[in-house]
1. Using 0.36 nm per residue of separation minus the Cα-Cα distance, give me the extension gain between residue 854 and residue 177 in nm, one decimal.
2. Based on the Kirkwood radius over alpha-carbon pairs, what is the Stokes-Einstein translational diffusion coefficient of region 290-361 at 20 °C with 1.002 mPa s viscosity, in µm²/s?
3. Does a label point 7 Å from the Cα of residue 326, set along Cα-to-beta-carbon, have any residues of region 272-296 with amide nitrogen under 20 Å, and which are they?
4. Treating only the Cβ of Lys, Arg, Asp and Glu as charged (+1, +1, -1, -1), what charge dipole size does the chain show about its Cα centre? Round to the nearest 20 debye.
5. Going through the cross-link list 481/522; 669/722; 753/797; 811/865; 54/102; 753/854, which pairs have a Cα-Cα distance over 20 Å in this structure?
6. At 4 °C and 1.567 mPa s, grab the translational diffusion coefficient of region 556-670 from Stokes-Einstein with a Kirkwood Rh over Cα pairs, rounded to a whole number in µm² per second.
7. Would you mind pulling out the separation of the Cα centroids of region 217-241 and region 273-302, in Å?
8. Roughly how compact is the chain, stated as its Cα Rg over 2.2 N^0.38 Å to two decimals?
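The values are calculated or read from the model by the stated rules, or taken from the named source; none is laboratory data. What you are looking at is a predicted structure, and each value in this text was computed from that prediction instead of being measured. Cβ atoms come from the backbone with ideal geometry, glycine included; neighbour counts cover every protein chain shown. With ligands, DNA and RNA removed, areas are computed over all heavy atoms of the protein, side chains included. Shrake-Rupley method; radii C 1.70, N 1.55, O 1.52, S 1.80 Å.
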Amino acid sequence: MTGHEIRELFLSFFEKKGHTRVKSASLVPEKDPTLLFVNAGMVPFKDVFLGTEKRPYKRAVSCQKCLRVSGKHNDLESVGFTSRHHTFFEMLGNFSFGDYFKKEAIEYAWEFVTEHLNIKKDRIYVSVYREDEEAYRIWKDHIGLPEERIWKMGEEDNFWQMGDTGPCGPCSEIYVDRGPEYEPERYLEIWNLVFMQYNRDAKGNLTPLPNPNIDTGMGLERIASVLQGTKTNYEIDLIRPLIAFGEDISGRAYGESYETDSALRVIADHLRALTFAIGDGVLPSNAGRGYVIRRILRRAMRFGYKLGVYEPFLYKGIDLVVDIMKEPYPDLLQVKSFVKSVVRGEEERFINTLRRGMPYAEEVLQKSDGILTGSMIFTLYDTYGFPLDLLEDMAREKGLKLDMDGFQRELENQRERARKHFKIEVEKASPVYQHLKELGKTSTFLGYEETKVYTEVIAIVKDGSLFSEIQEGCRGEIFLKETPFYAERGGQIGDTGVIEADGGLFFVEDTKSPVEGVIAHKGYMVKGSIRVGDRVLARIEEERREDIKRNHTATHLLHSALREVLGDHVRQAGSLVADQYLRFDFTHFQPLSEDEVKKVEELVNQQIMKNQPVVVEEMDYQSAIKSGAIAIFEEKYGDRVRVLSVGDFSKELCGGTHVKRTGDIGYFKVISESSVGAGIRRIVAKTGRWAVEHAFNERKILLEASRLLGVSPESLPEAISKLMDNLREKEKEMVKLKEKLLTGGVSSLKEEKLGDVNFYFGLFEEADPKEMLTLADNIRNRDNRAVLFLISKRNEKLSFLLALSRPLTSKLSAKELMKIVSEYLGGGGGGRDDMVQGGLNTLEGLQNAVEGLKSAIIDRLTEVKA
C-alpha cells in the first residue's frame with residue numbers, strides 16, 4: 001500500500017468504529033505555553049484529556065502533522081544518521097475521551113493490524129508496563145497472544161508522557177518481527193497504545209484524570225516502511241522521491257557511502273519539515289520557533305555543502321514536497337510559492353553568512369596554538385552559523401584539535417538563555433465560562449442577518465462568578481440565548497450596543513467568546529436591573545457595525561490586491577478589523593515602493609467601483625480549500641466553513657461580518673506601510689466615512705502648510721526642500737559658532753602646572769558632552785602634557801569629562817582619577833548622581849574635587865618618577 005492508502009485506511013477504519021475524523025491541527029500549538037511545536041497526535045486534544053474542554057464527540061481519529069525538534073522529544077541531531085528518526089512526521093491516532101478504555105483499544109488495534117494491514121499474527125509481539133496487569137491479561141487471555149510474545153517493561157519504556165508535565169499513563173506497544181534479514185531492527189515498534197489515566201504537575205505529582213482516556217500513536221512513515229518492505233523509513237513512497245531530488249542536485253548516489261546517505265536523508269527530511277512549518281506560518285528568525293526552523297534550514301544546507309552543493313537548492317525541492325503531499329493537505333498548494341520565497345531568501349542570506357564567517361574561521365585557526373577553544377567554536381557556530389563539520393575538516397588540515405567540551409558548555413548556556421527567552425502569553429479563560437458551556441449556556445449567533453433580536457438572558461457573570469441579577473451601576477457580563485452581537489474573533493473586534501429589558505438598560509462595551517459557543521456581552525448596567533430569565537431586546541450599534549463590515553471586506557480585497565501586485569508569496573500574517581481603521585500584516589521581504597502602494601490602492605478601489613456582490617457560501621473545509629479559497633495561518637477552522645467570494649478577485653475562508661456589495665465600502669485609503677519584523681510588513685488603511693475624513697484632514701493640513709509658506713499646494717515639496725536646505729546651512733553655522741565659543745573658552749580655562757603636566761579645569765554653561773569632547777580634543781591636539789577636568793551644567797543636569805593627552809596614559813589612568821574625584825565628592829560609584837550628591841553644585845564641593853584631583857596627580861607622578 002502507498003502512504004496515502006495507509007492513512008486513509010486507518011482513518012476510515014476508525015470512522016466505522018464510531019470515531020469522528022478530525023483534520024490535522026497546525027504544527028503551532030494553540031494556547032499551549034509548554035510546547036514549541038505539536039509533537040504528538042494527542043496535543044490538539046490535551047485540554048480534552050485534562051477535562052477543561054468539551055468536544056461534541058467522545059471518539060476521534062486523526063492523522064496529525066508533528067515536529068520533534070525541541071524539549072524532551074528532540075530528534076533533530078539524530079535525523080540522517082538513523083533509519084527511523086525524523087523532524088517532521090505524520091502520527092496516526094485514535095482517541096477515546098472517557099468512552100472506551102484498554103479492552104476496546106487493544107481489540108481495535110489487533111483487528112486493524114491483523115485483518116486490514118494483513119500482518120501475520122505470529123509476527124506480532126507486544127510490551128506492557130510491568131505494573132499494568134490489566135493490559136497483560138487482555139493481551140494474553142482475551143486476544144490470545146502467547147505469553148512469550150508479551151514483554152513486561154519498566155517506566156522508561158512503557159509509561160508515556162508528552163513532556164515534563166501534562167497527561168500521562170501506562171502504555172502497551174505493538175512490535176512486528178520483520179525477520180533476521182532486518183537486524184538490528186528486526187523487532188520494530190509500530191503502534192503505541194497509551195492508557196491515559198493521570199496528569200503530572202510541575203512537581204512530578206500524578207493526579208488521576210477526570211475520566212480514563214485512550215491516546216494511540218502510529219507513525220505513518222514507520223508502518224509504511226513495514227508494509228512496503230523498505231530497510232529504512234527513507235525509502236517509502238512519501239520520502240524516496242526527495243532522496244532522488246538530493247541525488248539530482250548533488251550528482252551523488254544514495255547507497256554509495258554512509259556519509260552520502262546521511263546527507264541525502266537530512267535534506268529529504270528537512271525539506272518536509274520546512275514546507276509544513278513555514279506553511280503553518282513559522283518564519284525563520286533568531287528566537288523561539290523561528291530559531292528552530294532557521295536551524296533546520298541551515299542544517300540541510302550544511303549537508304548540501306558536504307555533497308558539493310554551494311548554491312541555494314532547498315527551495316527547488318518545495319515543489320516536490322507539495323506534489324507528494326497535496327492530496328491529504330491541499331492547503332499546501334496555496335502556500336507553495338510563499339514557502340519557496342522564504343526558503344530561497346534564507347538560503348541566500350546563509351550563503352552570505354558563510355562567506356562572512358570564512359575569514360574569521362581562517363583567522364582563529366591561524367592564531368590557535370594547538371587547540372580551538374570552546375568559545376571560539378561557539379562564536380563561529382552561533383554568530384556565523386558556521387558548520388561544525390566544515391570547521392572540523394579545516395582544523396584537521398592544520399593539525400588542530402577542537403575543544404568540544406567547552407563548546408557544549410557554551411551551547412547549553414545558550415539553550416538555557418533561549419528557554420528563558422521563549423515565553424508564550426496564553427490568555428486563560430476563567431473556569432466560569434467552561435462551566436457555562438457544560439451547563440449548555442451557549443448562544444446562537446444571528447448577527448449575519450440581524451442587528452437586533454428579542455431573546456432571553458441565560459446567565460449573568462460578575463467578577464468571575466454566576467449571579468441571578470445585575471443591578472444599576474454594576475459591571476458584568478450578560479449571556480443570551482440568541483444574539484446579534486459578533487464576538488471578537490479572526491481579527492474582527494467585538495460589537496457594542498445595548499441590552500434592554502422592561503426594568504433596565506445594559507450598555508455592551510465589548511463582546512468576547514472566551515470558550516467556543518459561549519458569548520459574553522461585557523459592560524455595565526446604566527439603569528434598573530436585569531435578571532436571568534428576562535426577555536430582552538439585544539441591539540448592536542449599527543453604524544459602528546457597518547464601519548467594521550466595510551473594513552473587513554476591504555481587508556479581503558487588500559489581501560488579493562497585494563498578491564496581484566507583489567506575488568503569490570504574500571500571505572496574511574495577522575490582522576485587526578476595527579471600526580475606524582484596518583490593520584493588515586503580510587509576508588513580504590522589503591518595503592513597498594510608492595508605485596506599489598498606489599497600484600494596490602487602485603486595485604481595491606476598482607473593485608469597490610465595480611460594486612460586485614459579496615457571496616457567502618458554507619461548505620466543508622476540504623472542499624473549500626480545493627475550490628481555491630485561502631485559509632489564514634493563525635485561524636482555527638472547523639469541519640464546516642464560510643467561504644467569502646468577490647467575483648474572481650478574492651476568495652477566502654472567513655467567519656466575520658461583511659458588506660453585501662463592494663460598493664458599500666465607499667472608498668479605500670492606505671494610511672501607512674511599515675515593517676513589524678523580519679519578512680513581515682504592515683499596512684494600515686481606512687474605508688468609508690473614516691477614509692473620507694482622513695482625506696479632508698490631509699487636505700486641511702496641506703492648505704495650512706501652503707498658507708504658512710506662502711506657496712500653492714503644488715509648490716509645497718519644492719518650498720519645503722528649500723527650507724530644509726536653509727535649516728541645514730543654519731545648523732552648520734551654529735555648530736561652527738559653538739566651536740568658536742568653546743575654543744575661545746580655552747583662554748578662560750584655569751591652567752596650572754603640576755610637575756611636568758599641565759592641569760586644565762573649567763565649568764561651562766549649556767555645553768553638551770559632544771561639545772566638551774571637542775574642546776578637550778582641541779587642547780590635547782596642541783598640548784601633549786594635558787590633564788583636563790571639564791564640567792558642564794545644562795538644563796539643571798551635570799556632565800563631567802576627565803581626559804588625558806595620549807603620551808600621559810603610560811603614567812596616569814583617567815578611570816583611577818575619576819574614582820578619586822568621586823570619593824572627594826562623597827559618592828561611591830563615580831557616576832553623575834554620586835557627583836551631585838557630593839555637592840558638585842556648590843563652590844566648596846567643586847574646589848574640594850579639584851584640589852583632591854591635583855593632589856592625586858602629583859602623588860601618582862611622584863610614584864612613577866621614583
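1. Working it through step by step, the gained length comes to 234.7 nm.
2. 162
3. Only 272-281 fall inside the zone, counting backbone N under 20 Å.
4. 1300
5. 669/722; 753/797; 54/102
6. 87
7. For region 217-241 versus region 273-302, the Cα centre distance is 24 Å.
8. Working it through for the chain, the quotient is 1.23.
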